[in-house]
Every structure is written in structure tokens, then in C-alpha cells.
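**Q** What follows is a structure written as C-alpha cells; I'll ask about it next.
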Amino acid sequence: MKLYEYMAKEIFKNNGIPVPKGRVFTHAEEVGEFVAQLGEVAIKSQVLSGGRGKAGGIKFAADPQEAAEMARELLNTDIKGLKVDVILVEQKISIEKELYLAITYDGARRKPLLIASAAGGVEIEQVAEELIVKRLIDINVGLQPYAAREITRQLGLKGQVAKEVSDIVLKLYRIFRKYDAELVEINPLVITDSKALAADGKMTVDDDAAFRFGKDVPLVEEKTAVEKKAAELGISYVELDGEIGVMANGAGITMATLDLINEFGSSPRNFMDAGGGSSKEATASALEILLSTQPKALLINIFGGITRCDEVAKAIIHVKETIDIQVPMVIRLVGTNEETGIALLREHGLESYRKIDEAVTKVVAFVKAKGA
């Protein structure tokens with residue numbers, strides 16, 4: 001379960017990690033009076049999505065009137081399909097340096113992994129590997145002070161700043177353990193006036209452990225409107241930020257399809273495991289969900305085991321005849337009654353590929369041609 005930034009920062013603050021002075025609001029009318037006490041402020045939409053700044057979800061204001069106007073604007077908008085119901089208003093920080101600091105789990109090694117970088121303020125995936133410090137933590141020993149000091153040394157920090165960052169590293173690990181977190185992240189951890197401050201905060205906790213923390217970890221509804229609709233239909237669906245809408249029948253085949261799309265130079269718009277059902281109604285509902293997210297192309301990847309390929313083909317044909325699909329649709333259909341299914345599709349002007357790499361190559365080519 002992901003927590004909103006303001007929730008993560010409240011936990012940080014309660015556990016000794018310094019954060020900017022700020023307050024949460026749900027109504028713009030209340031913002032002006034608070035801003036009058038702070039001066040320049042940052043107004044940050046509280047949504048469970050990255051890239052808020054690029055999407056217009058973070059604004060800056062110099063006076064109460066401007067702050068109230070910007071707050072009103074944010075509270076009446078969507079950020080990446082997520083309605084903004086809450087904003088965090090914080091004192092604007094004068095930044096000397098930005099760092100990245102996070103703790104997550106390394107699933108392969110079954111240990112917590114600390115990740116740090118002197119190149120903060122950007123997504124860690126964009127940072128060159130040689131600029132990233134990584135340290136596996138033995139859960140039986142924990143993160144010791146000497147290890148935290150070594151990390152600050154590797155980040156090139158000295159003096160009082162190194163001492164403060166080392167202290168934050170230790171406290172972040174305690175939070176990670178205390179709240180059974182899957183991820184705790186500060187990006188950026190800023191240096192201002194020779195002090196370290198968590199300018200942003202992200203936490204993901206294990207849903208099964210949330211009951212132990214009471215009001216510290218309130219229940220957060222993570223699903224978007226599209227994800228809620230899919231859940232009501234019994235479809236496993238997660239919205240992503242990419243270009244190609246994907247429908248497959250099984251979690252494993254869906255994940256493999258997403259990986260191949262990335263490998264071939266594009267990005268998936270979603271994860272959708274439509275399950276084993278192949279009825280016209282189920283397929284139509286799944287495609288309607290995909291189309292509502294406005295992908296640049298569709299990729300349907302079905303392996304017919306118990307599911308019969310001819311029935312899947314009939315469902316796809318039915319959808320094509322009843323729904324106005326205005327984006328390219330690429331189909332890969334293999335398995336039980338494969339030949340019959342492919343023949344049915346061809347009768348209606350639809351091609352099916354037996355090899356998934358051929359299908360992915362085709363759909364990626366459609367997307368690139370559309371963007372050219």
C-alpha cells in the first residue's frame with residue numbers, strides 16, 4: 001500500500017527526520033492565512049503517482065492570494081487521471097544540493113537494500129550506475145552507524161552535513177523496519193543552510209502489516225477509476241504510463257509481454273490479466289477498459305490452453321464489429337484450436353501472429369510510425 005507524501009513526511013517527522021514546515025489542505029479558502037505566516041511556498045498535489053512536477057501538480061506562490069488561486073486550481077484538476085482532493089503547502093526551500101536516499105528489498109538476495117546517490121531530484125533509473133551507492137543490509141545485524149558514515153563518505157559529504165545525513169540514513173532504516181515497509185524513499189534529500197531536510201517522501205508498506213500501526217498508517221485507496229472498474233469486472237489491471245494497451249490471459253504471460261514491449265523500444269500502457277474467460281462480453285469489457293486509457297496501439301496476447309482460440313477469435317471479431325477501435329490492434333493467438341481461430345480472424349481482415357516477438361515488433365512499429 002502506497003502512502004501519500006504528506007503521510008510519509010508525518011512518519012518521518014515523528015521519527016526524527018526533519019521535513020519542511022507545512023500543512024495539508026482540502027479547501028483553497030484556508031490556504032491564504034497559513035501562507036501569510038510562511039512567505040514563499042510550494043503547493044504540492046497529493047496523488048499516488050510519480051512525475052507530478054512535469055504533469056503540473058507542483059506550483060510555487062509568493063503571497064497568500066497567489067497561493068489561494070493556485071491551490072484552487074490544483075484542487076479542481078486531475079494529475080495523470082487521479083483526482084486531486086488534498087494538497088500539501090510547504091515553505092519554499094533554498095536548495096544547495098540534492099541527494100537521493102532509499103531503502104527497499106532486494107528480492108533475489110532476500111535482504112534490505114540501501115540506495116543512495118549524490119544525484120538527487122531525478123528518478124533513480126536516470127542516474128548513471130557509477131553515481132549510485134548500494135549496500136545490502138543483514139537484517140540480523142541491522143544498519144550500524146559505521147555503515148551510515150561510510151555511505152556519507154561515498155556521497156562526498158563532510159562535516160556537519162555528513163553527520164546529519166548519516167543520522168537520517170539510520171532513522172530511515174528504523175522506519176523501514178518499524179513499519180514493515182517495502183520502500184522508503186527521500187528524493188530529494190536537500191542540503192540547505194548546511195542542514196539536511198527531506199523535501200519529498202515516499203513510502204510503500206506491506207498491506208498485511210498495516211493493522212499494527214493504527215492511525216500512523218491510515219488505509220489508502222490506491223486504485224484509479226479505471227482500475228476500480230476493472231476490479232468490479234474481475235479483471236486484474238494496473239494502469240501504467242506507456243503507449244501500448246496490453247491484454248493477455250495470465251499474470252506470467254502478461255508480465256513477459258510487458259518486458260518484451262520495453263525490450264523492443266516502447267512502453268506498456270497497462271498490466272491486464274483478463275483471466276481464462278473468453279466470452280464476448282468479457283473480451284468487450286476488457287477492450288473497452290483498454291481503449292478508455294487512450295493507448296497508441298493494442299496488443300492482444302492469448303495462449304489457448306483451456307481457453308479455445310476459436311472462441312477468443314469470435315469474441316475479438318464481435319468487439320471489432322461493435323466498438324469503434326481507432327488504434328492499430330495486433331493479435332497473437334496460439335494454442336487450442338489455433339488454426340480455426342486464425343482463419344476466423346483472417347476472414348474479418350485481422351492478422352494473427354504465432355510468435356510473440358513478431359507481434360511485439362509489429363505493434364511497436366505502429367507506435368513509432370504514429371509518433372513520427
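**Q** Can you work out the Karplus-derived ³J(HN,Hα) for every residue in segment 76-92? Use 6.51 cos²θ - 1.76 cosθ + 1.60 with θ = phi - 60°, whole Hz, and x for glycine or proline.
**A** 10, 9, 10, 10, 6, x, 10, 5, 8, 9, 9, 10, 10, 9, 10, 4, 5
**Q** For the chain, what does the relative contact order come out to in percent, with C-alpha contacts under 8 Å and a separation of six or more? Before the final figure, lay out each step's value.
**A** Working: 713 pairs, mean separation 47.1, N = 372.
After rounding, I find 13 percent.
**Q** Counting only residues 5 or more places away or on other chains, whose amide H sits under 5 Å from the amide H of residue 144 once H atoms are built in the peptide plane?
**A** For residue 144, no residues qualify.
**Q** Right, next: Mind checking the full-extension length gain between residue 138 and residue 27? Use 0.36 nm per residue of separation minus the Cα-Cα distance, one decimal, nm.
**A** 35.4 nm
**Q** Non-local amide H neighbours of residue 250 (under 5 Å, H modeled in plane, Pro and chain starts lacking H): which ones?
**A** Close amide H contacts, sequence-distant or interchain: 274, 275.
**Q** List, in order, the whole-Hz ³J(HN,Hα) value for each residue of segment 227-243 obtained from phi through the Karplus relation with A = 6.51, B = -1.76, C = 1.60 and θ = phi - 60°; use x for Gly and Pro.
**A** 3J(HN,Hα) across segment 227-243, in whole Hz: 5, 5, 4, 5, 4, 5, 8, x, 9, 7, 9, 10, 7, 10, 9, x, 10.
**Q** A further question on this structure: Mind checking the full-extension length gain between residue 365 and residue 323? Use 0.36 nm per residue of separation minus the Cα-Cα distance, one decimal, nm.
**A** Result for the pair: 12.8 nm of gain on full extension.
**Q** List the lysines whose Cα lies under 16 Å from the Cα of residue 21, skipping any in the same chain that are fewer than 8 positions away.
**A** Leaving aside lysines fewer than 8 places away in the same chain, those within reach of residue 21 are 9, 13, 44, 92, 195.
**Q** Distances longer than 34 Å among the Cα atoms of the chain: what percent of all pairs is that? Can you show the working numbers first?
**A** Numbers: 28350 of 69006 pairs.
The proportion of pairs with Cα distances above 34 Å equals 41 percent.
**Q** How would you order 295-304, 124-133, 79-88 from highest to lowest mean count of nearby Cβ atoms within 10 Å?
**A** Working: 295-304: 23.5, 124-133: 10.9, 79-88: 17.6.
Descending mean neighbour count gives 295-304, 79-88, 124-133.
**Q** So what's the back-of-envelope 222 nm ellipticity for the chain, counting only DSSP H runs of four-plus at -39500 (n - 2.57) apiece and dividing by all residues, rounded to 500? It would help to have the intermediate numbers written out before the result.
**A** Details: 11 runs with 133 residues, N = 372.
Calculated mean residue ellipticity at 222 nm is -11000 deg cm²/dmol.
**Q** Among the listed pairs 59/215; 2/97; 80/296, which are separated by more than 24 Å between their Cα atoms?
**A** Details: 59/215 29 Å; 2/97 27 Å; 80/296 16 Å.
From the list (59/215; 2/97; 80/296), the Cα-Cα distance tops 24 Å for 59/215; 2/97.
**Q** In percent, how large is the relative contact order of segment 101-204, given Cα pairs closer than 8 Å and 6 or more residues apart?
**A** Working: 157 pairs, mean separation 28.4, N = 104.
Reported as a whole number, the value is 27 percent.
**Q** Okay, next question. Which of the aspartates and glutamates could a cross-linker span from residue 229 if the Cα-Cα distance has to be under 13 Å and same-chain partners fewer than 8 positions apart are dropped?
**A** Correct list for residue 229: 239, 288.
The numbers here are math on the coordinates, done by the rules we state, and not lab data. Remember, predicted model here, so these are calculated numbers, not experimental data. Backbone-built Cβ (ideal geometry, glycine too); neighbour counts: all protein chains shown.
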